Amino acid sequence: METSAILNAQSILDSYFAFLGNHNYEKAKEVSEKERDKLMAKGQQTSAVLSSLLTACSQMAVGEKNYMCSNFLAPKGFLRKDNSLKVMYESLRNEFKRLKERGNYTDTNISSSIPSSTTSTPLAGTPSTPTTLSPNVETPTGSLMSCTSTTSNSSTSVSSSVPVTISSSKSTGTGIEILDYFCSHICEQLYSFVIARIEMMEIYEQLSSCWSQKFLTFENVINHLIEIVKVNGKKFHHPLLTPIKTVFTYESEALLNLLQAHCEIQNWKFLPSLFNLQDAHSKLGAWLNNAVPKDSPRRGSFGIIQKATPLHQWLCKIKYHLLAKFSLYFYTILSKQTNNQEMKSLFSKQSVDYCYKITTFQRKSDASCIMIIFDTHNGEDYKGHGYRLPKSPIEPVKGLDTFPPIVVFPADKQISNHLPSIIMMMTDKTRELNATDNLVYFYDEQVSTTYFLMRPDPRMTLVLMFDCKKTAKDPYITTFIQEIYSSLKGNKIFATLKPGSK
């Protein structure tokens, strides 16, 4: 009885978590409620802990669906009861904690009679020790009634099972008590998962509220996210929870890579930016591929046709924004790897074709030069454009070289005579450039040149230059520079994280 009861519970939970990992929340909810109703019809002949677990799982399926739609960020109504998703997960956390404690019987014979795979999932390298149960039955290989060794990495969990012989014991728990003990272990794992979900909600709440800031700097969020990834890499590692563990890993690590890429691009670090963008791209792709089983009819010969969740789509928006920004900030080094025609073709595939926008504006407005200047101060040792060997000697930059133009349109424009005036303006107007979204305007009568400046990132200054006098409120010029400025900042993308935002 004990074996069949636990195998049945395993089968139910296996189906539930598989649907949850595939983002099929309605089916997951249906499975949990259907099996719960079957158990409740049996009355006292079944496990109350398992019934309560399935009820909580039904609620968690609803919560996961709302989480992937970012509904927890929806504005709360005035004087209304707080029915937010975070409250739901707080309730689930308390319920899983209660069920975990309810199934942990004080009778040590019960805990000692449960095979290790049903009560704990060893981490990689941890040996499993066979335990005994009554009566004499040999459990099938691969079931939850076997010792399981689990190896966890950043993307998946792999389990290997070893058969366990269950021998007789004079004092063991009943079949229902043993099943309760198994369910309590699953609840303990889900308790950790729900806590991780709540922590991720707090991360997204911070991101969705940062859109009004002048500069998007995510150092505190990144440190918090690194801790979440590190801590939860060792939690909810039971083989049954592999589908939701995999989704959580892809999501959290992809977000971490994107935020790190954002900061590296701001600081003009080519290789770290490239690596983080590539890692984020790989994890987002793996997450989408993982969402549909290989034998699913929705998977055709041309790939997956299932629509990604809104949260996945939003993360992809961040990726596309960063790719376009990376292409502009490192335009000079990238253009050396190919010809001008191919560069235009590559830019045309980006979410924002900065190359086309800038060259078109330059042609129509007669702008003599459009450039972005990088401030090498207040950061790590400046290593120049592109990649250098870590231990290669670096000559410290001085004077005008501490403000290198990282991209210049047109590329052959001679700007050395203008740099002193531009850098002086950047120094004199530092507070205005750093604290406001205002456009800095200056006309130099000595050289008959008009300058427009805006600062989209803490160390990047966008400069427009005209070899004639222009008015400070020229609509065509101000509209263009504010559009490029806003696009490079990317604040609006973080505002769209909230449901209903555009």
Within the range 470-486: backbone nitrogen closer than 18 Å to the D444 label point (7 Å, Cα to C-beta): 470-472
Mind checking which lysines have their Cα closer than 21 Å to the Cα of K34? Skip sequence neighbours fewer than 8 apart in that chain. K42, K65
Neighbour-count ranking for R431, R388 (other C-beta within 10 angstrom, fewest to most) reads R431, R388
Need the full-extension length gain, Q414 to L7, defined as separation in residues times 0.36 nm minus the C-alpha distance. One decimal, nm. 138.9 nm
Straight-line reach from K470: which lysines fall under 19 Å, measuring Cα to Cα and dropping same-chain residues less than 8 apart? K364
Neighbour-count order for D401, D366, fewest beta carbons within 10 angstrom listed first: D366, D401
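To the nearest 20 Debye, how big is the dipole of the range 212-325 about its Cα centre, given +1 on the beta carbon of each Lys and Arg and -1 on that of each Asp and Glu? Please report the intermediate quantities before stating the final value.
On the way: 14 positive and 7 negative charges, 51 e Å.
It works out to roughly 240 debye.
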Protection proxy ranking, peptides 414-425, 477-488, average beta carbon neighbours within 10 Å, highest first: 477-488, 414-425
How high is the relative contact order of the range 350-493? Use alpha-carbon pairs under 8 Å, at least six apart in sequence, and give a whole percent. 26
Starting from the Kirkwood radius over alpha-carbon pairs of the range 186-249, derive D by Stokes-Einstein at 4 °C in a medium of 1.567 mPa s and give it in µm² s⁻¹. 100
Beyond 16 Å, how much of the Cα-Cα pair distribution for the range 328-428 remains, as a whole percent? 65
Expressed as a whole-number percentage, the relative contact order of the range 212-325 with C-alpha contacts under 8 angstrom and at least six residues apart is 24
A 27 angstrom limit on the alpha carbon distance is what I want to check against. Which of K344/K429; K234/K489; K283/K336; K269/K489; K86/K234; K29/K498 exceed it? K344/K429; K234/K489; K283/K336
For the range 350-493, what is the largest minus smallest coordinate of the Cα atoms on each principal axis, given in angstrom and ordered from greatest to least? 49, 40, 32
Once fully extended, how much extra length lies between T436 and S282, figured as 0.36 nm per residue of separation less the alpha-carbon to alpha-carbon distance? 51.8 nm
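None of the figures in this text is laboratory data; all of them are computed from the coordinates on show. If you're wondering where the values come from, they're calculated on a predicted model, not measured in any experiment. Methodologically, a virtual Cβ is constructed for each residue, glycine included, from the backbone with ideal geometry; neighbour enumeration extends over all protein chains shown.
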